[in-house]
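See structure below.
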Amino acid sequence: MWWLVFPAVLLAFVIFIIIRAFLFKPYDSQAPKIQEFEIDEENIVNRFSKIISCKTISNRDLSKVNIGEFEKVQDLIKKFYPNIFKICEFEKVLQTGLLFKWPGEKSDEPVVLMAHYDVVPANEQQWEKPAFDGIIENNELWGRGTLDTKCTFVAILEASEQLIKTGFKPKNDIYLSFAGDEEVAGPTCPATVELLKQRNIHPAMVLDEGGAVVENVFPGVRGKCALVGIAEKGITDIRMSMKSSGGHASAPPPHTIIGQLSQAVVDIENHPFSFQLTPPVSQMFDILGRHSSFVFKIIFANLWCFKPILNLMCKKTGGELNALMRTTVAFTMAQGSQAANVLPPSAEFTANLRLLGKDTYESAVLHMKKVTDNPDILFEVIHGSNGTTYSSTDCIAWDTIKNAISQTWPDALVSPYLMFAASDSRHFCKITDKVYKFSGMHLTKEQRGYIHGNNERISLDAIYNLVRFYLRLISLV
Ligand SMILES: [Zn+2]
């Protein structure tokens, strides 16, 4: 009978896995009471359109920044939102930072609402309509910054102005923190954080741009998911270089330094960084996995046994799923000799890495040195910023954001996620462990493609919902 043991064990195992998938049911959640707000739709859109027509293009080289355009925005908001300026303490931070303190009933659990009002340049020849005219047509507002992220900038101001006008006073102090150099990773946000740190302010919640309400992004889940970033991957550029005595290409060594560096690139690509299931990703699998189709439920309910298969799958396919679970390396630049018949006296390859979990740019260099095993290669970190800490989802701040999202998009599943892109809010991790990244908009894949791309535009409904989202959020904090 011994030959029956193996099939019996296998069958028991399969049944066990399937039962676990059956029991992997969505968490109970109660729909919050929806607070309705009347908003002045037409005027909101007109004001937003005027702010879009300011060409606030940031640049690392300050001499190339037209500061007048940023001042235009500052003049407009003074005109549009007089009650904010009346009630809030206002100060400028460096050249473009705008910091408002809206006094609440108490100050011990302050909240920070962030946005940036600088934009990336637009390649206007490729646009169907001008990028800085604020054209309103077919229920859409066109222009650079409509999605990234003058929309949140305007919505925060609109919601605050409206609530102040009705005599509302928040429970806690609210800081409105706006920067004009986010797109170039400028110094404004770090300076703002430093200022708050000196004042001993440790926010109970920071909300900045980030995730959105999206569809078809999670395996087996078709409905709307509101993804709120609770951490960001780190980012670094690492250069590998070699030197040689050069010489004529007619009598080369068996491997030129380009050959040796190419081998190193292949070695690095063939030895991916280790697979890690970090809290934002395991929480996302746990929340969204429970709403997934049965086949995927089998995987997400049994990650303890499917992890190696998932790892293998990710290694093979690369892409977004892989990027959620390991540090990625993309070699993007290469340089060698200046002429085809001259051996390169020096050569270099540069990689862009997105760091996950325990990996830092220092440990990434060690990993790359180890797998390439060539002492003649010089590794240099051109610049590096490690991943952020993970913000909690077991706290009032998370519940509040979730509540405001569920009021605005009642059919969306709210889940934490890990951001691949870097945003200004990462600097706030210095003074709080509650930093969240969510741009309160429902965006299709096509609309997400407009961000930093051509024909950026926002639907008027999205603007109204965004303002309502902030009205609800502010009412709760
Ligand atoms: Zn942005």
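The values are calculated or read from the model by the stated rules, or taken from the named source; none is laboratory data. Keep in mind that what you see is a predicted model, and the values were worked out from it rather than measured. Glycine also receives a Cβ, built like all others from the backbone with ideal geometry; neighbour counts cover every protein chain displayed.
Among the numbered conditions (1) within 29 Å of I396 (Cβ to Cβ); (2) surrounded by fewer than 20 Cβ atoms within 10 Å (Cβ to Cβ), the only one that P121 does not meet is (1).
Sort out which residues of region 394-442 are of a type in the set (F, W, Y), assigned to a strand (DSSP E or B) and within 14 Å of the ligand (Cβ to nearest atom), and write them in order of number.
Narrowing region 394-442 to residues of a type in the set (F, W, Y): 398, 409, 417, 420, 428, 436, 438.
Still in the running and assigned to a strand (DSSP E or B): 417, 436, 438.
Hit for region 394-442 is F438, nothing else.
When we screen F306, F349, F379, F331 for residues that are in a helix (DSSP H, G or I), of a type in the set (F, W, Y) and over 28 Å from L113 (Cα atoms), the only hit is F306. Close contacts from region 132-151, counting a first residue that is outside the structural domain of E446 (by TED's automatic domain parsing) and a second that is modelled with pLDDT under 95 and within 11 Å of the ligand (Cβ to nearest atom), with Cβ to Cβ under 9 Å and a gap of 6+ residues or different chains, come to none at all.
Residue by residue, here is whether (1) within 30 Å of G247 (Cα to Cα); (2) exposed (fewer than 14 other Cβ atoms within 10 Å of the Cβ); (3) not charged (D, E, K, R) holds:
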site: H291; (1), (2), (3): no, no, yes
site: K315; (1), (2), (3): no, no, no
site: M325; (1), (2), (3): no, no, yes
site: E348; (1), (2), (3): yes, no, no
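Checking the stated criteria, Q30 turns out not to satisfy the condition of being in contact with a helix residue (DSSP H, G or I) (Cβ under 6 Å, 6 or more places away or on another chain) and over 22 Å from L176 (Cα atoms).
Among the conditions (1) away from the ligand (no atom under 16 Å from the Cβ); (2) under 22 Å from L466 (Cβ atoms); (3) in contact (Cβ under 8 Å) with a residue 60 or more places away in the chain; (4) not aromatic (F, W, Y), K79 misses just one, which is (3).
How do the helices (runs of 4 or more DSSP H) wholly within region 1-95 filter down when requiring 3 or more residues that are more than 29 Å from the chain's Cα centre (by Cα) and exposed (fewer than 13 other Cβ atoms within 10 Å of the Cβ): which remain? First the steps, then the outcome.
Numbers: elements: 5-23, 41-52, 67-80, 82-87.
Correct list: 5-23, 67-80.
Regarding R239, is this residue of a type in the set (D, E, K, R) and either free of Cβ contacts under 8 Å to residues at least 60 places away in the same chain or closer than 17 Å to T388 by Cα (or both)? Here the answer is no, as R239 does not meet what is asked.
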